[in-house]
Amino acid sequence: MDDADALALLPPLQGCLYCHAEGTTTLLPSRQFLGLGSEYATLKCSQCGSTAWLDVDESDLDDWRIRYRRVNRAAPYYYVSIHLGKAGWLTAEAALTISTSGYVQRTRVQQAQHGDLSWLKPIVLSPPPPLMIPGEKTYLALRGVTYHQTSVQGVWSRSEPGVVLDSGKLYVTGEKIYLLGQRRDWAHRLDEIERVDYDEQAWVLYLAAPGQYYRGLRVDGQLDPQLVAAVIAALQASL
């Protein structure tokens with residue numbers, strides 16, 4: 001087996017770590033000339049347009065690392081754009097783990113967008129938290145959530161953090177959201193939610209009541225902000 005055949009067996013070349021398409025990656029050799037350019041081979045994907053440097057130990061093809069230089073930030077690639085695109089150099093093990101998590105994330109978001117939340121396995125809490133009706137199925141339990149009221153009303157109000165009314169743990173059921181706050185307990189029907197947005201750091205749930213919203217930061221061990229937004233949108237659509 002020559003070097004080209006050996007390199008073709010590397011996981012990044014069998015399928016794109018970023019978008020998971022197969023047969024779309026091309027490995028270009030280093031173009032360093034007179035000390036200029038990169039000393040690493042460049043891995044490109046024709047499907048998602050991602051570009052990465054690939055550093056391979058020729059004596060051990062299982063020993064490689066990757067660093068993404070250009071990434072696709074479209075919604076389907078939200079998770080991998082954060083965890084692969086901004087991580088710098090990643091070992092083979094770390095890159096493969098993130099790629100697998102990214103594939104699961106994208107699949108779950110697609111399922112939620114099609115109204116399939118069976119993978120969440122909702123539970124009935126006993127006893128139910130304050131204000132929750134006995135028998136309600138809980139889909140999400142989210143820590144570190146804050147409830148805000150903006151001080152300025154109108155089109156620009158959502159750009160301001162406003163006043164934090166309370167903070168605590170948020171439960172999302174098939175009918176309502178419940179915040180077990182430090183000051184008091186709060187409840188809102190799902191049809192009181194105007195929309196749910198997300199970014200790299202948090203999800204934001206805007207209520208129809210002017211200037212009121214919930215915000216939850218990305219927390220290890222919880223669903224990613226994009227997936228939280230997709231689940232809540234799916235529950236709203238099922239009403």
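The values are calculated or read from the model by the stated rules, or taken from the named source; none is laboratory data. Predicted model only: the values in this text are computed from it and were never measured. Here the Cβ positions follow ideal geometry from the backbone for every residue, glycine too, while neighbour counts run over all protein chains shown.
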Is it fair to say R215 is modelled with pLDDT under 95, within 26 Å of Y78 (Cα to Cα) and basic (K, R)? no
Taking region 205-224 and keeping residues surrounded by 17 or more Cβ atoms within 10 Å (Cβ to Cβ), under 18 Å from Y139 (Cβ atoms) and touching a helix residue (DSSP H, G or I) at 6+ places or on another chain (Cβ under 9 Å) leaves L205, G216, L223, D224
Region 136-194: number of residues that are polar (S, T, N, Q), at pLDDT below 95 and part of a loop (DSSP other than H, G, I, E, B): 3
